[in-house]
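Each reported figure results from applying straightforward, stated rules to the coordinates on display, with no laboratory input. Here the structure is a predicted model, which means the values were calculated and not measured. With ideal geometry, Cβ positions are generated from the backbone for all residues, glycine too; neighbour counts draw on all protein chains shown.
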Amino acid sequence: MTGQGVVALEKENVLIRAGDCVITLLPHLGGKIASIRLAGRELLQAPLAPLAPRTRSLPFDASDASGWDECLPSVAACTVLTSEGPAQVPDHGDLWRVEWSVVRSEPALTLRGVCFSLPLALERTLALTETANGAQLRLDYTITNTGSHPAPWSWAAHSLFAIDPGDEIELPPSIHALRLEGSGGNRLGQAGDAIAWPVATLSNGSETDLRIAQPPASAIGDKLFAGPLAKDENWCVLHRHAAGLRIRVRFDSARTPYLGLWICYGGWPDRPGPKQNCVAIEPATAPVDSLAQSGSWSRTLSPSQSYSWPMFVDFEMN
């Protein structure tokens, strides 16, 4: 490590700088990480629509659908039963819709977002450090039950990394299959199917190498999960060959034992207009998008109980 990042508070956004890396956060828009630039190159998915305030019922595909949000307490919209009655969780959760507060800016930046569908609050601390060939972003998360009754929850980072055709996703070599959450046009099969990694058989019988990013004209949109993951399976790398860089995501698989992959090459949103062209690398607490889908991964916090976990992202020039 060669240098700690500097935090600058502005009117509506926050900048963190370390060496050639600059990160822009928007506390008033869901605590969104709106931009990560390394040596002047943007690393995140660009907005599909103008950045604007969100409502509690806005579908995610009607928003800018860009950058990096936090999905809590669910990715998919769903109804969950609690001791206080049913709770309605909206699409991609609560936190991308609400204004976050700046808890502290030194020695690292801490933001806090409060859910409305369930009594949960999330604090996220970000520290950016310059490295010999790029930068490292460390994120530390703490979720707390702020209510008077137990609250179920599920979290996933929603980091949408921009890609070019030919870029490559690398997973630990011990991973040979992923669980399918959904696939546009059912090209990979049905939800719940086991999909071979890295070479998968499509529904039409042909094969595809899931590691390699395809052109936007391919109209691909697939969501897959790996896990539960072992201690040495706690990483994913996105090789940006044309850009001459790589993005390495690491996490604590004992605390967040699943990894979601959203591979979208012009295949979403379904509505007319701009499409995503990205790979989302999503450490997660569950291998499903819906909090209403229960299993061994299901989690509940008692009143005043907290839970913490880390995440690391290395941005490296080749």
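Quick one: length gained pulling Thr201 to Glu84 fully straight, 0.36 nm per residue minus the C-alpha distance?
On the way: separation 117, 0.36 × 117 = 42.12 nm, distance 4.52 nm.
That pair, Thr201 and Glu84, stretches by 37.6 nm at full extension.
Kindly state, to the nearest 0.05, the FRET efficiency for Ala132 paired with Asp252, given R0 = 30 Å and r defined as their beta-carbon distance.
Computed FRET efficiency for Ala132 and Asp252: 0.75.
Sort 66-76, 19-29, 163-173 by the packing proxy (mean of other Cβ within 10 Å over each peptide's residues), most packed first.
Ranked from most to least packed, the peptides come out as 66-76, 19-29, 163-173.
Can you tell which of Val313, Ala242, Gly295 lies farthest toward the positive end of the dipole of region 226-318, using +1 and -1 charges on the Cβ of basic and acidic side chains (Lys, Arg; Asp, Glu)?
Of the listed residues, the answer is Ala242.
Label Ser304 and His149 with points 7 Å out from Cα along Cα→Cβ: what is the distance between them in nm?
2.0
For region 12-317, divide the Cα radius of gyration by the Kirkwood radius and give the resulting Rg/Rh value with two decimals.
Using only Cα positions, Rg/Rh for region 12-317 is 0.94.
R0 = 30 Å: FRET efficiency of Asn186 with Asp164, Cβ-based, nearest 0.05?
Given R0 = 30 Å and the Cβ-Cβ separation, E is 0.65.
Could you tell me which residue out of Thr24, Gly221, Trp100 lies farthest along the dipole of the chain toward its positive end? Charges go on the beta carbon: Lys and Arg +1, Asp and Glu -1, centred on the Cα centre.
Trp100
State, to one decimal in nm, how far the label point of Asp140 lies from the label point of Asp20, with both points 7 Å from Cα in the Cβ direction.
The two pseudo-label positions are separated by 2.9 nm.
For Arg271 and Glu10, compute 0.36 nm times the residue count separating them, minus their Cα-Cα distance, and round to one decimal in nm.
Computed gain between Arg271 and Glu10 is 90.5 nm.
May I ask you to sort His92, His239, His176 by Cβ crowding, counting other Cβ atoms within 10 Å and putting the fewest first?
Neighbour counts put them in this order, fewest first: His176, His239, His92.
Looking at region 114-225 from every direction and averaging, what is the projected area of its Cα convex hull in nm²?
10.5
Using a 10 angstrom cutoff on alpha carbons, build the Gaussian network for the chain and name the most mobile of Phe116, Phe161, Phe225.
Maximum among the listed residues: Phe116.
For Ile175 and Glu42, compute 0.36 nm times the residue count separating them, minus their Cα-Cα distance, and round to one decimal in nm.
Stretched fully, the Ile175-Glu42 segment lengthens by 44.9 nm.
Kindly state, to the nearest 0.05, the FRET efficiency for Lys231 paired with Asn318, given R0 = 35 Å and r defined as their beta-carbon distance.
Efficiency, rounded to the nearest 0.05: 0.80.
How big is the charge dipole of region 12-317 about its Cα centre, in debye rounded to the nearest 20, if each Lys and Arg gets +1 on its Cβ and each Asp and Glu gets -1 on its Cβ?
300
With N set to the residue count of region 79-134, report its C-alpha Rg divided by 2.2 N^0.38 Å to two decimal places.
Expressed relative to 2.2 N^0.38 Å, the Cα Rg reads 1.57.
Take each of the peptides 258-268, 125-135, average the number of other beta-carbon atoms within 10 Å over its residues, and list them starting from the highest.
258-268, 125-135
Taking the inverse of the average 1/r across all pairs of different Cα atoms in region 227-318, what Kirkwood radius in Å do you get?
Kirkwood hydrodynamic radius for region 227-318: 15.4 Å.
What list do you get for Met317, Met311 if you sort them by fewest beta carbons within 10 Å?
Arranged by neighbour count, lowest to highest, Met317, Met311 become Met317, Met311.
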